[in-house]
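I have placed the structure first, in the form of structure tokens, so that the comments after it can refer back to it.
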Amino acid sequence: MLVRRAPKTYFVSYGDDPAVGDSRLAGERLPPGTPVHLVDDLVYAGHTLRAARHALGLVGLDATTASGVLWTLRADAARDELTAAGLTEITCLIHQRTLTG
């Protein structure tokens, strides 16, 4: 499943039903309640992860965990907001601090 940053304006559907969900979703439909793990390349402030979690929740999917490739210092400051949004576990491959010394 793919969650787009911006909704598409042309015909797209989630699970071949354009009446279901959000135009940011594309892919095979999963049963409601299915746990979904979010993956993002850059976690800057967590807005993308929170928006993806919300879009998936509209179709009954549960995303409480996430992974990223690069985690920024700004994301550190947003950790409480991410937890409050329901993301209880987030892992990252590289932290910005390791790149800047």
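Bear in mind these aren't lab numbers, they're just calculated from the coordinates by the rules spelled out. Computed from a prediction, not measured in an experiment: that's the story for all the values here. Quick reminder, even Gly has a Cβ in these numbers, built from the backbone with ideal geometry, and neighbours come from all protein chains shown.
Values as computed for the structure displayed
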read-out: Extended-chain gain in nm, criterion 0.36 nm per residue less alpha-carbon gap, residue 100 and residue 28; value: 21.9 nm
read-out: Charge tally in the Cβ shell below 14 Å around residue 94, where Lys, Arg are +1 and Asp, Glu are -1, residue 94 excluded; value: -2
read-out: Residue 92 long-range amide H proximity, modeled H, under 5 Å; value: 68
read-out: Mean separation of Cα contacts under 8 Å (6+ apart) over length of the stretch 29-101, as relative contact order %; value: 34
read-out: Protection proxy ranking, peptides 30-41, 74-85, 56-67, average beta carbon neighbours within 10 Å, highest first; value: 56-67, 74-85, 30-41
